[in-house]
Amino acid sequence: PPQTPIRAAMNSIQQLRGELTSVSDKPSSSLIVYFKNCTVDPSDEITSRVEQLGQVFSQKFAQAVGQRCEGLGKKRFTLGVQLYYKVMESILKSEEKRLSVQNFSKLLNNATFHTSLLACALEVVMATYFGSCVKNGGDESPETDLRFPWILDIFHLHAFDFYKVIESFIKAEPTLKHDMIEHLGRCEQKIMESLAWKTDSPLFELLRQSREEGLGEQAEPPAT
Amino acid sequence: SRDYHFGLEEHEGISELFDCD
């Protein structure tokens, strides 16, 4: 039978949970092999960062939605961590194939990469649950505050750094549903249209570097 | 996927985006 919007949203939630039931909220054996192959083993940093961001997430979630929902926040965060490790493993496998490299020490010791990847995984979880609120007309729902870019604010993450993981995240997670990919696309647009141009954005440094590097090259003649 | 516009070139990936290539 045709699905009501609420049923469709509930299905998304069940599907997300179903996808992740067999995924642990700890690094898998394949991930541990990648960690061990690093010049500097990032395992402890990764574990302590997840713990620390988990406390931030639960606290901010409870502040936004209500203290009695702290447990709910923890559950959402755990789902996010499961998805984070799942996508990280998939990204590393595809990078290994693309670059014929097994030592990802620089990437796996890059705190911004991990925070962005976990933020993206949590954004997918939040949007999946928020989808159920919006579909039943719950615009007034306290979860409205948790919409993007809430996750960037609580993790003090630059939008441009979050933007860098989106495409790889979508490529690495083929089970992402169409409406979720669309949602991430909208996040990307929002970043490019406004969030990435905030005064402290790393985008400006990148533009400055490329301009300096570009000085050696001839600028393209203007199109007639 | 159909509606997402992939922009990375063949030789680009997350390692390059985070200057870890």
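For this structure, a couple of remarks:
- Taking 0.36 nm per residue of separation and subtracting the Cα-Cα distance, full extension of the segment from residue A:93 to residue A:24 would add 23.0 nm.
- Ordering A:38, A:187 by the number of other Cβ atoms within 10 Å of each residue's own Cβ, fewest first, gives A:38, A:187.
- Length added when fully stretched, residue A:102-residue A:33, from 0.36 nm per residue minus Cα-Cα: 23.9 nm
- Simple spin-label estimate for residue A:52 and residue A:3 in nanometres, 7 Å along Cα-Cβ: 3.9
- Positive-end ranking of A:16, A:209, A:2 along the dipole of chain A, with charges on Cβ about the Cα centre, is headed by A:2.
- Fluctuation leader among A:158, A:114, A:178 - chain A, Gaussian network, Cα springs under 10 angstrom: A:178
- Pairs exceeding 18 Å between alpha-carbon atoms, taken from A:36/A:93; A:26/A:97; A:97/A:171; A:106/A:198: A:26/A:97; A:106/A:198.
- With 0.36 nm allotted per residue and the present C-alpha distance subtracted, the residue A:63-residue A:209 stretch has 48.6 nm of extension available.
- Cα radius of gyration and Dmax for the stretch A:142-210 (Å): 13.2, 43
- Computed from the Kirkwood radius of its Cα pairs, the Stokes-Einstein diffusion coefficient for the stretch A:1-157 at 4 °C and 1.567 mPa s stands at 78 µm²/s.
- By the Stokes-Einstein formula, at 1.306 mPa s and 10 °C, the stretch A:6-91 with its Kirkwood radius over alpha-carbon pairs has D equal to 110 µm²/s.
Each value in this text was obtained by applying a stated rule to the coordinates, not by laboratory testing. Just so you know, these numbers come straight off a predicted model, no measurement behind them. Here Cβ is always computed from backbone atoms with ideal geometry, including for glycine, and neighbour counts include all displayed protein chains.
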